Amino acid sequence: MNRASLRLLPGALAALCLLASPAACAFEATQQRGGVTLRYQDAHDALPEAMRQRIIDTFFKAYVPQRADFHPMAPTQAAIVIDPAYDGIAFVGEKAMAATITINPAWLSKHPGDTDLVTHEAMHIVQGYPEYANERVPGWLVEGIADYARDRYGVDNAAAGWALPLAVKDGQNFDTGYRVTGAFLKWSEAAHPGLVKALDDALRSGAYTPALWKEQTGQPLPALWAAYAAETHR
Ligand SMILES: [Zn+2]
């Protein structure tokens, strides 16, 4: 078989499975590591085995230490669901009593190096905040912490060409979110160890206010960002 037909095979198999009996081709596996149980479900067996293995490995390598470092009471039951009907990239929710990461297989087909998206999503399970995107739990900070964690616990971010930015660009601020906030958190944590854990704890307990930044670093949030930007602006 040449390379082209090999590459077509998983998709062709999936199509055949849909025509025959979906249940016949469904792939399910349960694994346990580090006190955490992961159920992996791919109803259409949409991902090649090597990719599936990398996703499962990445989950455990990220989630077990994230959970130990940030929130030892975070769920011990988790699931990864490969869902071609979901048209985003990946998200976390709760399904059948398990914290569940849903992944769009089309994204991974196009970006096969991006398996550390699981590391970002696993941190969302650890976070488990009671709210999202309001004053008590700002969305920019939630996503910034998840990308900080992708950098810190990622298995192979280089494979996706993924990295935290080294320089601040015009128009960015502490609340730009994702990688921009993640890089700011990394810089701030280096100078003030324990900052990210304190932020994470406060977001979970409902105690977060912007004043926490000053309590932890001695500087109000905008001043801390200004110091960071002055050092890293290009
Ligand atoms: Zn996220």
Separation of the K110 and A190 label points, Cα + 7 Å toward Cβ, nm: 3.3
For the stretch 75-234: rounded, prolate or oblate by the Cα gyration tensor [a/c cutoff 1.5]: oblate
³J(HN,Hα), Karplus 6.51/-1.76/1.60, whole Hz, each residue of the stretch 31-40, x for Gly, Pro: 10, 10, 8, x, x, 10, 10, 10, 9, 10
Solvent-accessible area per residue, Å², over the stretch 48-153 with all protein chains present [probe radius 1.4 Å]: 41
Rounded to 10°, Cα long-axis angle of helix 117-127 versus longest principal axis of the chain: 60
Cα pair count fraction exceeding 17 Å, expressed as % - the stretch 137-214: 44
In degrees, nearest ten, helix 178-191 long axis to first principal axis of the chain (Cα): 50
Label point distance in nm, Y86-A158, each placed 7 Å from Cα along Cα→Cβ: 2.9
Neighbour cut-off at most 14 other Cβ (10 Å), DSSP loop, GluC sites (Glu not before Pro), the stretch 95-200: E131, E135
On Cα atoms only, tilt of 139-153 relative to the major axis of the chain in degrees: 70
Proximal lysines to K169, defined as alpha-carbon separation beneath 21 angstrom and excluding residues fewer than eight positions away on the same chain: K186
L166 paired with A29, simple spin-label distance in nm, labels 7 Å along Cα-to-beta-carbon: 3.7
Carbon + sulfur, % of accessible area of the chain - ligands and nucleic acids excluded, 1.4 Å: 58
Principal semi-axes in Å for the stretch 56-135 [√(5λ), Cα gyration tensor, largest first]: 21, 15, 12
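The values are calculated or read from the model by the stated rules, or taken from the named source; none is laboratory data. In this text the structure is predicted, and so the values were computed from the model without any measurement. Note that we place each Cβ from the backbone using ideal geometry, even for glycine, and neighbour counts take in every protein chain shown. What goes into the accessible areas is simple: the full protein's heavy atoms, side chains included, and nothing from ligands, DNA or RNA. Shrake-Rupley method; radii C 1.70, N 1.55, O 1.52, S 1.80 Å.
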